[in-house]
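The values are calculated or read from the model by the stated rules, or taken from the named source; none is laboratory data. These numbers were taken from a predicted model, which means no experiment stands behind them. All Cβ positions, glycine included, derive from the backbone under ideal geometry; neighbour counts span all protein chains shown.
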Amino acid sequence: MKYIKEAWYPVVWADRVSRELTRHVVLEEPIVIYRLENGSIAALQDACPHRLAPLSLGKLKGDNIECGYHGMTFDCSGKCVLIPGQDIIPGSALVRSFPVQVKYGLVWLYMGDPKNADPKKIFHLPQYDQEGWHAVQGDTLRIECNYLSLCDNLLDPAHVTFVHTTTLGTPAGATVPVNNEYRNNEITVWRWIRNGPVIPLFQKFGKLNGNVDRWHYYNYSTPCYFAIDMGSCPPGSIPDMEKRHEGVQMHACHVLLPVDERTVLQHWFHVRNFRTDEQDMDAELTASLDMAFKEDKVILERIQLEEERDPDFKRIILGIDAAPMKMRRMVDKLIEAESDAARH
């Protein structure tokens, strides 16, 4: 399978990276990640260039990795610094190293040409560290499906009414159409549901009752970053849709790691503007969101199995598929552009 390579991908939560060598698979490429003695993080191709033994099976010697097969030793830049029993080190005794950044508590790797590794191109949410907002680290959900199937899901407000009945949806949204906005490598799918029942999540944690005006803005940017802006307010209290921050608002952020053709890691966190000083509720709200996302996991994994069982099945296209189809065309266009650039 082909992927966008000139992009940053979130691999693992930074607080889970230690002095232990750990293997991760990113876009089908095995990578070993570990923490250096100065606290920074290194990422190398997880394969010794001699016999392809995984370096993650080796040992740390200071900040260097000693291969567990024949003892070839590599520094954190991927350069071989020692070959036992051999004084001459070939210039080809290298493993690829990857640019690393830590943002939003996640370790991000750049999978393309290192000279293009601009940290400003990492997913950005302005509210994350703004006054009046509270950011909470979520978790990572492993889903056995193609990452584009999860991208479809995260651009689809219509499923919320039927899949997330106890957390994120109510029947009031079933007949409300969505609006699609397309920009350069970005999509927003949004709708407001006026004077309808509050969703269970905001009833419980936002302390709202009765009817509300509520919104969903599904914001996507390539390759697989999502910031879902959801919130509620008393009916008619926010006539200007751009002043959503005046209501109860939360950004649920999903930044995806394609592992291989049928596996994706869904890293997620949330940022909210309500009850920001009540951090004792963070774990409970995180658990509720986790339950909602696991509801998607059940369906997406079954869809993956059905697609593999009958790969020639002809699916019908509905109006709600416009944004997901546009997203896939954006991804294909970027992959094709990278392939053209590589040929020239």
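A few notes on this one:
- Selection of the stretch 209-226 for residues being buried (at least 21 other Cβ atoms within 10 Å of the Cβ) and more than 23 Å from Ile320 (Cα to Cα) yields only Val212.
- In this entry, Phe74 passes the filter for residues that are touching an Asp or Glu at 6+ places or on another chain (Cβ under 9 Å) and hydrophobic (A, V, I, L, M, F, W, C).
- Given (1) in contact with an Asp or Glu (Cβ under 7 Å, 6 or more places away or on another chain); (2) more than 13 Å from Ser149 (Cα to Cα), index of the condition Arg262 fails: (2)
- Of the strands (runs of 3 or more DSSP E) lying entirely inside the stretch 22-64, those containing at least 2 residues that are surrounded by fewer than 17 Cβ atoms within 10 Å (Cβ to Cβ), on the phi < 0 side of the Ramachandran plot and in contact (Cβ under 8 Å) with a residue 12 or more places away in the chain are 22-26, 59-61.
- Residues in the stretch 172-196 that are part of a loop (DSSP other than H, G, I, E, B), surrounded by fewer than 18 Cβ atoms within 10 Å (Cβ to Cβ) and at pLDDT below 95: Ala174, Thr175, Val176, Pro177, Asn184.
- Filter result for the condition that a residue is at pLDDT below 95 and over 18 Å from the mean Cα position of the chain (by Cα), over Ser18, Ser92, Ser56, Ser77: Ser92
- Test result for Leu150, buried (at least 19 other Cβ atoms within 10 Å of the Cβ), touching a residue at least 60 places away in the same chain (Cβ under 8 Å) and not assigned by TED's automatic domain parsing to the domain that holds Arg328: no
- Among residues of the stretch 175-188 that are in the same structural domain as Cys151 (by TED's automatic domain parsing) and among the acidic types (Asp, Glu), those with a Cβ under 6 angstrom from a residue that is surrounded by 12 or more Cβ atoms within 10 Å (Cβ to Cβ) and in a strand (DSSP E or B), sequence gap 6+ or separate chain, pair up as Glu181/Thr188; Glu186/Ser221.
- Qualifying residue in the stretch 297-304 (condition: touching a Cys at 6+ places or on another chain (Cβ under 6 Å) and among the polar types (S, T, N, Q)): yes
- Look at (1) of a type in the set (Gly, Ala, Ser); (2) in a loop (DSSP other than H, G, I, E, B); (3) modelled with pLDDT of 95 or more and you find that Gly169 fails only one, number (3).
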